[in-house]
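The values are calculated or read from the model by the stated rules, or taken from the named source; none is laboratory data. Since this is a predicted model, take the numbers as computed values, not measurements. Please note: Cβ atoms are built from the backbone with ideal geometry, for glycine as well, and neighbour counts cover all protein chains shown. Each accessible area value is taken on the protein alone, full model and side chains, heavy atoms only, with ligands, DNA and RNA left out. Shrake-Rupley method; radii C 1.70, N 1.55, O 1.52, S 1.80 Å.
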Protein chains: 2
Amino acid sequence: MSGGPLPTIHEVARLAGVSVATVSKTLNRSGKVSELLQERVNAAAQKLGYAPHASARSLRSGATRILGLLVADLANPYFLRLVESIERLSSAAGYSVILCNSAEDPAREERHLAMLLSQRADGAIVIPTRRGWSGRQAALANLPMPGILVDRRIEGLDLDSVTTDNVALGRLAAEHLDDLGHRRIAVIMGSPEHQIARHRLDGLRSGLASRGVTLDERLIEKDNFSEAAGHAAALRLLGHAQRPTAIFATNNHLSLGLLRAIAERGLSIPDDLSVIAVDELPWAGLVRPGMTVVTQPSEAIAETTVSTLLSRILEGRSGAEDEARSIQLQPALVVRGSTAAVRTSST
Amino acid sequence: MSGGPLPTIHEVARLAGVSVATVSKTLNRSGKVSELLQERVNAAAQKLGYAPHASARSLRSGATRILGLLVADLANPYFLRLVESIERLSSAAGYSVILCNSAEDPAREERHLAMLLSQRADGAIVIPTRRGWSGRQAALANLPMPGILVDRRIEGLDLDSVTTDNVALGRLAAEHLDDLGHRRIAVIMGSPEHQIARHRLDGLRSGLASRGVTLDERLIEKDNFSEAAGHAAALRLLGHAQRPTAIFATNNHLSLGLLRAIAERGLSIPDDLSVIAVDELPWAGLVRPGMTVVTQPSEAIAETTVSTLLSRILEGRSGAEDEARSIQLQPALVVRGSTAAVRTSST
DNA sequence: CTTCACTAGAAAAACGTTTAACTAACTCGG
DNA sequence: CCGAGTTAGTTAAACGTTTTTCTAGTGAAG
C-alpha cells in the first residue's frame, strides 16, 4: 500500500549533484540559479517524486499556509455555502483549510481554537457560536494570528468582521410586503437575544414604519432558531382568529418549520398566506409557486472574508497593523411566487 | 490584535527551572518526572500560555495528527453528513481535519492529493470523484500514508473502502414496492456508467425478479445525477401513456427533481403515484405524507471509516500491513407516506 | 599583474520539538 | 564498604527545510 520513506531535499540534491541550498532556491524561485542546474534539479525532483515536507518548511519559515475555518454549525445550509466558497478561494490562493465544526457548542469552539493555535494556522476564519463561554472574547482577541469573524459579529471585540447588513435585509422584506398591501404581518424571529434576529426585525419594523405601517407586536414569535421552534411558532400564528396575511421567517431552519406547518394545515401559498424567507435553499424548488426570499450575498461574503484575511496575513509580516475593519454587505430581494397582493384589504 | 511571539518550550523550561526534556516529558506524560517538577512545569506552561508548535513536533516525531478529507462534492447533503460525523469523530480522537472539496473535478482532486502529501497528513479519507483522470488510481495507490475510500469504490484499487451495500439497498426498495402490489415501476437511475447506480438498479431488478416480477426496461431513465436530469426524466416518465405507479429515484438530487416535476404536474403523492427515494433529507418534512426512503447508515459509515483508518495508522507504525479491507454496511427501509398500495391493480 | 567587485554556488546555522544517550545520586545485596 | 541496579534528571542529536554567511571563480579596471 504505502511506499518507502519519502525523499528529502538532500536526496534530490545528491541526485542532481548540487547542494541542498541550490535545490531549495530552484524550487522556490528565490535566489540565482543557472539554467543548467535548474534543469538538473527539476529533473531530479520529478524523478524522485519529491514533495517538500510542509512541517519542516513552516518550522523554518514561520508560515504554515494553513487557514482555520471554525463554523458554528455545519448543518446550516447557508454556512455550508460559505464553507464551500471559502475552501475554493483559499485553495486557489495556495492555502489549506482545517475545518472545525463547533455545532453551536462553545466548549468545542474553545478546543478547536486551541488546536488551531497549536497548528500555528496563518489565519482563522470564525463563524462564532451564538452564546459564548465566558472567556471566548479573550480567546479570540488574544489569537496570535490574524482572525476574522463571519456572519455573526461579537460586540466589543476588536476583530475584522464580514456580515450581511441585516437591518437592510429586514427593510427589503418590509418594502416588498408593503408594496403588496400587507398589513397583518407576522414574524418568526428566532431568539431575541441574538443580534442578527434583532437586526432583521428592526429592519422590518423600521421599513414598515417609514411607510406608515406599524408592526403588530403580538405577531412576533420569539423562541430559538430550530426547525421545531419555527413549526410551533407557525402553528400558533396560523391559529389566530385574525390570521396574518404574510409571514416573515428570519432564518432557513425557521422557514422550513413554517412551510411544514402550512402544508400540514392544508393552506396554500400565496392564496391563503404570503411567505417570505431568508436565503436560497436547495429545496426551494419544491415549494410550488417558488419561494420569495431575501438573500445574503454568500459568495461576496466569502470573497471579502478570504481576501481581507489574506491581506492581514501579508501586512502582519511587514509589521503594519491598523484597526479592525467591519464590513457589511448588502442583501437582495428575489421575488417568486410565495408572496402576492392581499385579497381582501381590511385597511 | 496579535500579541508578541509565542513562548517556546525553552522559555517554559527556564521559568520552571528545569531542562526542556523534562518539560517535554511532563507535557506528554512520557518518562518519569517527579511530582514536584511536574507541578512546576505545568504552572510555568499555564502561566506563559504555552502551546506546543505542531510543526516542530511533527517534524521530529513523524506524525502530524492531521487527516485529509477529500470529498467529491460538498453540496451533496449525504456527503455533508459524512463530513460532519467524520470531523466530530476525528476531532474527538485528537486529529485535525483538512477539508478538500473536489467538486467532481478530477484535476482539483489531484491537486488536493498532492497538497495532503506535502502536509504529510497521517491518513486520507477520500470520497473519489465519479470519473477519474487517468493517473488517479496510481496517485491513490502510491499514497505514502494510509488511505480509505468512502461511499464510492474504485475497481482494481488495493485500498480499504467503506460503502453502503447498494445491491441490498435496491432490493429493499424492490421488496417494499412489491409488497404494495406495484408492477409498473420506474427508475431514475442517474449515470449508467456509475457503479453505485448500477448496483442499486441491479438490486431492484433482482429483488423484483425473486418475487417473480420483471422490471420494464423502458421505464429506466438514464442520464446524469443532477437535479435537472431528475426533473427531465420525471417529466418523460409522467408523460407515458401508461403512467408508472411507482418511481424509484436512486439519489437525492434526482429525487428533488422528481418531486419538483410531480408538484408541477399537480399530481398528488401517494394517490396518483408512489415515490421512494434514497437517504433522509433535511427538507423531507415538506413532502406532505412524508417520504418513504431507503437510508444509508451514514453515522455507522463514518465511524467505521475513522476507526479503520486510525487503526491502519497505528499498525503502520508497527510495520504490520495486511491486505485491503472492503467493508459494506447495510441500508434500511423507512416507510412513510409517499408509498401506498396500488389502487387499480392491472396485473 | 594585482586588486576589486560581482556572481553562482556551497556550507552551516537555525527553527522548536522529541528522544536516545548519558550522568549523578541513591539503594541495596554481598 | 563496594559494585551493580535503579531512578530522575540533563545534554545533545536529529527531524527537513530556509536563509544567512562564506568561498571560489570570473571579468574588468587600474
Condition met for B:T64 (within 16 Å of DNA strand D (Cβ to nearest atom), at pLDDT 95 or above and within 27 Å of A:A103 (Cβ to Cβ)): yes
Filtered residues of region A:150-165 (kept if within 14 Å of another protein chain (Cβ to nearest Cβ) and in a strand (DSSP E or B)): A:D160, A:S161
Among residues of region B:1-13, those that are at pLDDT below 95 and either open to solvent by less than 50 Å² (accessible area, probe 1.4 Å) or within 13 Å of DNA strand D (Cβ to nearest atom) (or both), counted: 1
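Among the residues of region A:119-134, which ones are open to solvent by less than 30 Å² (accessible area, probe 1.4 Å) and either in a loop (DSSP other than H, G, I, E, B) or within 10 Å of chain B (Cβ to nearest Cβ) (or both)?
Just the residues of region A:119-134 that are open to solvent by less than 30 Å² (accessible area, probe 1.4 Å), to begin with: A:119, A:121-129.
A:Q119, A:A121, A:D122, A:I127, A:P128, A:T129 - these are the residues of region A:119-134 that are open to solvent by less than 30 Å² (accessible area, probe 1.4 Å) and either in a loop (DSSP other than H, G, I, E, B) or within 10 Å of chain B (Cβ to nearest Cβ) (or both).
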Unmet requirement for B:I269, which otherwise passes all of (1) under 21 Å from the mean Cα position of the chain (by Cα); (2) within 28 Å of A:L259 (Cα to Cα); (3) part of a loop (DSSP other than H, G, I, E, B): (1)
Residues being surrounded by 18 or more Cβ atoms within 10 Å (Cβ to Cβ) and more than 8 Å from chain A (Cβ to nearest Cβ) - total across region B:72-106: 14
Check on A:A168, open to solvent by 10 Å² or more (accessible area, probe 1.4 Å), within 11 Å of chain B (Cβ to nearest Cβ), small (G, A, S) and part of a helix (DSSP H, G or I): no
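So, A:A186, is that one in a helix (DSSP H, G or I) and either open to solvent by less than 10 Å² (accessible area, probe 1.4 Å) or modelled with pLDDT of 95 or more (or both) or not? Walk me through it before giving the result.
Details: in a helix (DSSP H, G or I): no; either open to solvent by less than 10 Å² (accessible area, probe 1.4 Å) or modelled with pLDDT of 95 or more (or both): yes.
The answer is no for A:A186.
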Selected residue [closer than 29 Å to B:D73 by Cβ and either surrounded by fewer than 22 Cβ atoms within 10 Å (Cβ to Cβ) or not acidic (D, E) (or both)] from B:S255, B:S268: B:S255
Residues within region A:40-54 that are touching a residue at least 12 places away in the same chain (Cβ under 8 Å) and more than 11 Å from chain B (Cβ to nearest Cβ), tallied: 8
Per-region count, region B:35-54, residues open to solvent by 30 Å² or more (accessible area, probe 1.4 Å) and more than 12 Å from DNA strand C (Cβ to nearest atom): 10
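Taking the conditions exactly as written (within 16 Å of DNA strand C (Cβ to nearest atom), in the same structural domain as B:L140 (by TED's automatic domain parsing) and at positive phi), does B:G94 satisfy them or not?
Details: within 16 Å of DNA strand C (Cβ to nearest atom): yes; in the same structural domain as B:L140 (by TED's automatic domain parsing): yes; at positive phi: yes.
So B:G94 fits the description; yes.
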Tally, over region A:285-299, of residues that are surrounded by fewer than 21 Cβ atoms within 10 Å (Cβ to Cβ) and more than 18 Å from the chain's Cα centre (by Cα): 5
Test: residue in region A:240-252 that is part of a helix (DSSP H, G or I) and either hydrophobic (A, V, I, L, M, F, W, C) or open to solvent by 50 Å² or more (accessible area, probe 1.4 Å) (or both): no
Residues within region A:242-274 that are among the β-branched types (V, I, T) and closer than 21 Å to A:Q330 by Cα, tallied: 1
Count of residues meeting criterion [open to solvent by 70 Å² or more (accessible area, probe 1.4 Å) and in contact with a helix residue (DSSP H, G or I) (Cβ under 8 Å, 6 or more places away or on another chain)] in region A:223-239: 1
Test set (1) within 30 Å of A:I148 (Cβ to Cβ); (2) touching a Ser or Thr at 6+ places or on another chain (Cβ under 9 Å) - A:P289 fails condition number: (1)
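Which is on the phi < 0 side of the Ramachandran plot, touching a residue at least 60 places away in the same chain (Cβ under 8 Å) and open to solvent by 20 Å² or more (accessible area, probe 1.4 Å), of A:R111, A:R153? First the steps, then the outcome.
Values: A:R111 fails: touching a residue at least 60 places away in the same chain (Cβ under 8 Å).
Going through A:R111, A:R153 in turn, the sole match is A:R153.
If we keep just the residues of region B:23-37 that are near DNA strand D (Cβ under 9 Å from one of its atoms) and within 23 Å of A:L117 (Cβ to Cβ), which is farthest from the other protein chains (Cβ to nearest Cβ)? Walk me through how you get there before you give the answer.
Applying the first criterion (near DNA strand D (Cβ under 9 Å from one of its atoms)) to region B:23-37 yields B:23-26, B:31-37.
Adding the requirement that they be within 23 Å of A:L117 (Cβ to Cβ) leaves B:23-26.
On the way: B:V23: 15, B:S24: 15, B:K25: 18, B:T26: 17 Å.
The residue in question is B:K25.
Is region A:292-303 home to any residue that is at pLDDT below 95 and not charged (D, E, K, R)?
To start, the set of residues in region A:292-303 that are at pLDDT below 95 comprises none.
No, that holds for no residue.
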Selection status of B:T250, in contact with an Asp or Glu (Cβ under 8 Å, 6 or more places away or on another chain) and not aliphatic (A, V, I, L, M): no
Scope region B:55-71; condition open to solvent by less than 60 Å² (accessible area, probe 1.4 Å), in contact (Cβ under 8 Å) with a residue 40 or more places away in the chain and either in contact with a Gly (Cβ under 8 Å, 6 or more places away or on another chain) or facing chain A (nearest Cβ under 9 Å) (or both); matching residues: B:S58, B:T64, B:I66, B:L67, B:G68, B:L69
Single condition A:A21 does not satisfy, out of (1) closer than 30 Å to B:Q137 by Cβ; (2) within 11 Å of DNA strand C (Cβ to nearest atom); (3) of a type outside the set (S, T, N, Q): (1)
